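Peer 1: Could you have a look at this structure, given as structure tokens, before my questions?
The values are calculated or read from the model by the stated rules, or taken from the named source; none is laboratory data. Model, not experiment: these values are computed from the prediction. Here the Cβ is made from the backbone with ideal geometry for all residues, glycine too, and neighbour counts use every protein chain on show. Protein only, heavy atoms only, side chains kept; ligands, DNA and RNA dropped before computing areas. Shrake-Rupley method; radii C 1.70, N 1.55, O 1.52, S 1.80 Å.
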Amino acid sequence: MTFAAPRGLIDIFKDGALMTWRNLLTLVWLNLAWVAMAWTLILLGPATLAVYHLVATRLREDLEIDFRLLPRLVLRFLGSGLLWALSAVMFAVLFYANTTVWPRFLPPFGTTVVLMVWLYLLWLFVALQPFLLEALAVREARFLPAWRDAFLGLARQPFEGHVSVLFGVILLVAGLYFRTLAPVVLIALGLTFAAALVAPLRERPEPQDVVEEEEATA
């Protein structure tokens with residue numbers, strides 16, 4: 001497996017913003033397609049991997065998306081997507097159980113320690129997701145090796161990976177405040193910036209005939 005060279009937060013945000021600006025309508029359609037599939041719950045994981053795959057392999061490569069590939073990708077990622085969604089549900093159950101049960105038995109100091117540990121584990125779990133999605137949806141690694149790759153990826157960009165969680169928090173707050181944001185573009189936007197964190201945008205040079213036409217009209 002290979003990793004992109006670590007980059008700064010400004011470069012990551014710049015790539016994510018460029019990908020969003022150039023493909024805003026595409027992201028809206030991707031998000032709507034994700035919502036249409038995710039409401040079934042069964043397809044939530046496969047749909048997430050399929051959308052991430054298109055963002056990472058097409059938009060990040062400065063290429064157009066063929067939406068006809070989406071159903072085929074959902075089927076391809078059915079198994080890994082279900083495992084990914086199940087891991088998120090299991091972590092949510094563990095987080096809820098440990099942050100609600102232990103405070104009933106521990107003294108205040110012990111409760112504070114438990115809450116701090118689990119809040120960091122939550123932060124770490126979210127920070128790992130871009131690298132995990134990359135491993136599952138782009139490299140198509142098996143589930144357990146994908147988690148290993150995710151930890152290795154985060155280890156190469158620990159600061160950027162942890163700080164990127166704040167962007168997810170901002171998107172979540174915006175989605176709660178602007179009720180129409182989530183079904184229209186929220187998920188696709190988050191996946192776009194996740195893809196930008198893992199690897200840079202590769203801009204394609206303009207075709208030579210377009211360049212010559214622009215020079216002739218200048």
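Peer 1: Identify the single condition in (1) open to solvent by less than 40 Å² (accessible area, probe 1.4 Å); (2) within 20 Å of Arg142 (Cβ to Cβ) that Met90 does not satisfy, given that it satisfies every other one.
Peer 2: Among (1) open to solvent by less than 40 Å² (accessible area, probe 1.4 Å); (2) within 20 Å of Arg142 (Cβ to Cβ), Met90 violates only (1).
Peer 1: Here is a further query. Leu70: part of a helix (DSSP H, G or I), at pLDDT 95 or above and either in contact with a Ser or Thr (Cβ under 6 Å, 6 or more places away or on another chain) or open to solvent by 40 Å² or more (accessible area, probe 1.4 Å) (or both), yes or no?
Peer 2: Criteria not met by Leu70.
Peer 1: Mind listing whichever residues of the stretch 93-114 are in contact (Cβ under 8 Å) with a residue 12 or more places away in the chain, of a type in the set (Phe, Trp, Tyr) and more than 23 Å from Pro158 (Cβ to Cβ)?
Peer 2: Selection gives Trp102 alone.
Peer 1: Another question, if that's okay. Condition first: open to solvent by 30 Å² or more (accessible area, probe 1.4 Å) and either without any contact (Cβ under 8 Å) to a residue 60 or more places away in the chain or under 14 Å from the mean Cα position of the chain (by Cα) (or both). Now tell me which residues in the stretch 143-158 satisfy that.
Peer 2: Selection gives Leu144, Pro145, Trp147, Arg148, Phe151, Ala155, Pro158.
Peer 1: Then there is this: Quick check on this structure: which one of Arg76, Arg60 is surrounded by 14 or more Cβ atoms within 10 Å (Cβ to Cβ), modelled with pLDDT of 95 or more, of a type in the set (D, E, K, R) and within 14 Å of the chain's Cα centre (by Cα)?
Peer 2: One residue alone meets the criteria, Arg60.
Peer 1: Could you go through the stretch 133-141 and let me know if any residue there is farther than 22 Å from Gly45 by Cβ and aliphatic (A, V, I, L, M).
Peer 2: Of the residues in the stretch 133-141, the ones farther than 22 Å from Gly45 by Cβ are none.
Looking for residues that are farther than 22 Å from Gly45 by Cβ and aliphatic (A, V, I, L, M), one finds none in the stretch 133-141, hence no.
Peer 1: Can you tell me how many residues in the stretch 110-167 are over 26 Å from Arg76 (Cβ atoms) and charged (D, E, K, R)?
Peer 2: Number satisfying all stated conditions: 2.
Peer 1: What number goes with the only condition from (1) among the hydrophobic types (A, V, I, L, M, F, W, C); (2) free of Cβ contacts under 8 Å to residues at least 12 places away in the same chain; (3) not in a helix (DSSP H, G or I) that Val117 does not pass?
Peer 2: Condition not satisfied by Val117: (3).
Peer 1: Here are some residues: Leu136, Leu106. Which one is modelled with pLDDT of 95 or more, in contact with a helix residue (DSSP H, G or I) (Cβ under 9 Å, 6 or more places away or on another chain) and either open to solvent by less than 40 Å² (accessible area, probe 1.4 Å) or outside any helix (DSSP H, G or I) (or both)?
Peer 2: Going through Leu136, Leu106 in turn, just one is modelled with pLDDT of 95 or more, in contact with a helix residue (DSSP H, G or I) (Cβ under 9 Å, 6 or more places away or on another chain) and either open to solvent by less than 40 Å² (accessible area, probe 1.4 Å) or outside any helix (DSSP H, G or I) (or both): Leu136.
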